[in-house]
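The values are calculated or read from the model by the stated rules, or taken from the named source; none is laboratory data. Fair warning: this is a prediction, and the values are worked out from it, not measured in the lab. A quick note on method: Cβ atoms are made from the backbone with ideal geometry, for glycine too, and the neighbour counts reach across all protein chains shown. Just so you know, the surface numbers come from the protein's heavy atoms only, side chains and all, with ligands and any DNA or RNA stripped out. Shrake-Rupley method; radii C 1.70, N 1.55, O 1.52, S 1.80 Å.
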Amino acid sequence: MAVSHRVWCTISLPALRSNLRAIRRSCPRGTHILAVVKDNAYGHGLIPVARTLAQAGCEEFGVACAAEGEELRGAGIRNPILLLGSTLPSEFSVALQHRLTITLSSMIEAHELARTARQSRKTALVQVKLDTGMNRLGARLPEFQKLVSFVAHHPHLDLIGTFTHLACADSDLAFTRRQLVQTSVLPKFLAHHWANTAAILHDLPFPKTHVRPGLGLYGINPLPRSRIKLQPVLSWKSKILLVRQVSQGETISYGATYRARQAMKVATVATGYAHGLPRSLSNQGHALVHGNLCPVLGRVTMDMTLLDVSQVPQSKRGDEVVWLGRSGKREHTATDMAREAGTIPWEIFTRLSPNLPRIIS
Ligand SMILES: Cc1ncc(COP(=O)(O)O)c(C=O)c1O
């Protein structure tokens with residue numbers, strides 16, 4: 001690690017490979033893993049993550065938009081890439097040029113794409129999405145069937161699969177089962193898929209063609225427990241800038257929202273909301289210092305945050321602070337931080353500033 005870093009992430013490629021193997025073991029033989037690497041691989045770094053997964057045998061990738069697909073192609077990734085979002089007409093030419101698979105949810109999109117593909121004398125790869133209750137993307141019946149038939153018969157469109165997305169696989173199995181009933185209309189002779197990490201770990205029924213894990217690959221289990229062992233891929237660290245004694249009755253940080261009940265030792269840490277630390281961790285969050293869980297005191301500020309290090313008498317300027325990851329015998333995970341911040345681990349990862357160094361280990 002370069003000594004100049006004051007806040008940084010480390011990305012463990014062995015952990016990523018181990019999670020891929022664990023997920024693969026929990027799927028039937030031959031199932032393609034379509035790794036969801038959208039939004040900068042959930043903040044972990046698109047290219048190193050996708051390259052590692054591709055080298056480890058991951059068959060396909062899912063990204064948010066054509067620009068991410070183009071980035072993967074530029075990095076030499078030749079595997080099929082599904083654009084999970086809706087592609088705008090201004091993005092079609094990039095998608096066609098790089099053989100990116102476009103998700104269609106409506107006849108409007110289908111007509112737009114067919115026109116562009118015909119004009120450019122190319123064939124667009126297409127997956128048609130069914131809406132089974134998420135109401136975000138996907139066509140409902142009967143538009144779904146109309147779409148499938150339109151794409152299947154169009155000379156410039158190549159239908160390679162269909163899919164849907166589960167809204168509550170980690171929280172409401174009854175809702176999920178109602179969604180699964182509707183998947184009977186997905187044509188079985190094509191690729192068809194719906195299993196995100198929670199569906200895979202729940203052992204919910206899913207087709208053998210593809211699964212679409214995201215969070216699990218990054219080592220976070222969205223369920224309270226499961227038989228699969230996953231390892232967090234990302235650690236997030238920083239440094240103590242200063243340590244000071246604060247007397248009883250003094251207040252800490254903007255808004256003076258924390259008042260010391262007794263004399264305490266306070267560390268000023270070089271991390272704030274500009275780096276992606278949720279401001280909602282003010283007076284709520286924790287970080288590890290020398291293996292001790294230390295509470296956040298007062299408001300998180302733009303690039304500095306205060307920690308109570310009274311229980312860590314040896315802590316000093318320059319010491320390491322672990323926001324996510326291991327320190328001594330303790331671990332602080334994205335799930336822990338999400339609980340403290342009132343959010344979800346997906347958001348903790350994706351709001352990490354892209355400017356933070358990601359050190360590959
Ligand atoms: C369409 C789609 N499929 C799969 C996933 C992966 O979900 P998870 O991270 O829960 O495994 C996502 C993530 O948001 C998604 O949007």
ask   = So if we plug the beta-carbon distance of His111 and Asp303 into 1/(1 + (r/R0)^6) with R0 = 56 Å, what FRET efficiency do we get, rounded to 0.05?
value = 0.70
message = If amide hydrogens are placed 1.01 Å from N in the peptide plane, which non-local residues have theirs closer than 5 Å to the one on Ser353?
response = Gly276
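If we sort 211-220, 246-255 on the protection proxy, mean other Cβ atoms within 10 Å, highest first, what's the order?
On the way: 211-220: 25.0, 246-255: 14.0.
The peptides rank, most packed first, as 211-220, 246-255.
Placing unit charges on C-beta atoms (Lys and Arg positive, Asp and Glu negative, everything else neutral), compute the dipole magnitude of segment 31-218 about its Cα centre in debye, rounded to 20. Walk me through the numbers on the way to the answer.
Working: 18 positive and 15 negative charges, 95 e Å.
Taking the Cα centre of segment 31-218 as origin, the dipole is about 460 debye.
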key: Crossing angle, helix 46-55 versus the chain [Cα axis fit, 0-90 degrees, rounded to tens]   = 60 degrees
query = Binning every alpha carbon pair distance of segment 31-218 at 10 Å from zero, what are the percents per bin?
reply = 10, 38, 37, 15, 1
key: Amide H contacts under 5 Å for Leu241, placed H, 5+ residues apart   = Thr268, Val269, Ala270, Gly318
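With the other protein chains left in place, how much accessible area per residue, in square angstrom, belongs to segment 234-360 at a 1.4 angstrom probe?
Result: 47 Å² per residue.
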Anchor Lys237: lysines whose Cα lies under 22 Å away (excluding residues fewer than 8 positions away in-chain) = Lys265, Lys316, Lys329
note = Interchain or sequence-distant (5+) residues whose placed amide H lies within less than 5 Å of the amide H of Val36 are Gly62, Gly214
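Using a Förster distance of 45 Å, how high is the FRET efficiency between Leu190 and Ile360, based on the Cβ-Cβ distance and rounded to 0.05?
0.75
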key: Per-bin percent of Cα-Cα distances, the chain [20 Å]   = 28, 49, 21, 3
message = Over segment 47-92, with the other protein chains present, what is the accessible area per residue in square angstrom, probe 1.4 angstrom?
response = 39 Å²
query = According to a simple spin-label model (label point 7 Å from Cα along Cα-to-Cβ), what is the distance in nm between Lys329 and His5?
reply = 2.8 nm
key: Nitroxide proxy distance, nm - points 7 Å out along Cα→Cβ at Ser93 and Gln231   = 4.6 nm
key: Calculated from backbone phi, Karplus (6.51, -1.76, 1.60) coupling profile of segment 303-312 in Hz, x at Gly/Pro   = 9, 9, 9, 9, 10, 7, 10, 4, 7, 10
message = Number of Lys pairs in segment 31-218 with C-alpha atoms less than 24 angstrom apart, excluding same-chain neighbours closer than eight positions?
response = 8
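Computed FRET efficiency, Cβ-Cβ of Gln55 and Ser171, R0 35 Å: what is it to the nearest 0.05? Please list the in-between numbers first.
Values: r = 34 Å, r/R0 = 0.97.
Step by step, r from the Cβ atoms, then E = 0.55.
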ask   = What length, rounded to one decimal in nm, is gained on full extension from Arg244 through to Lys316, with 0.36 nm per residue of separation minus their alpha-carbon distance?
value = 25.0 nm
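Can you work out D for segment 143-217 in µm² s⁻¹ from Stokes-Einstein, where Rh is the Kirkwood radius over C-alpha pairs, the temperature is 25 °C and the viscosity is 0.890 mPa s? Mind showing how you got there, number by number?
Working: Rh = 13.4 Å.
So the translational diffusion coefficient is about 184 µm²/s.
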request  = Could you pull the accessible area for Lys237 with a 1.4 Å probe, rounded to 10 Å²?
outcome  = 40 Å²
ask   = Expressed as an acute angle from 0 to 90° and rounded to the nearest 10, what is the orientation of the C-alpha long axis of helix 173-182 relative to the principal long axis of the chain?
value = 20 degrees
task = State the Kirkwood hydrodynamic radius of segment 234-360 in Å, one decimal place, computed from all pairs of distinct Cα atoms.
result = 14.5 Å
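What full-extension length gain, to one decimal in nm, is calculated for Arg351 and Lys122 as 0.36 nm per residue of separation minus the Cα-Cα distance? Kindly include the intermediate steps, with their values, before the conclusion.
Working: separation 229, 0.36 × 229 = 82.44 nm, distance 3.70 nm.
Residue separation times 0.36 nm, minus the Cα-Cα distance, leaves 78.7 nm.
Take the solvent-accessible surface of the protein heavy atoms, probe 1.4 Å, and return the percent of it on the chain that carbon and sulfur atoms account for. Numbers along the way, then the final one.
Working: 8300 of 16200 Å².
Carbon and sulfur together cover 51 percent of it.
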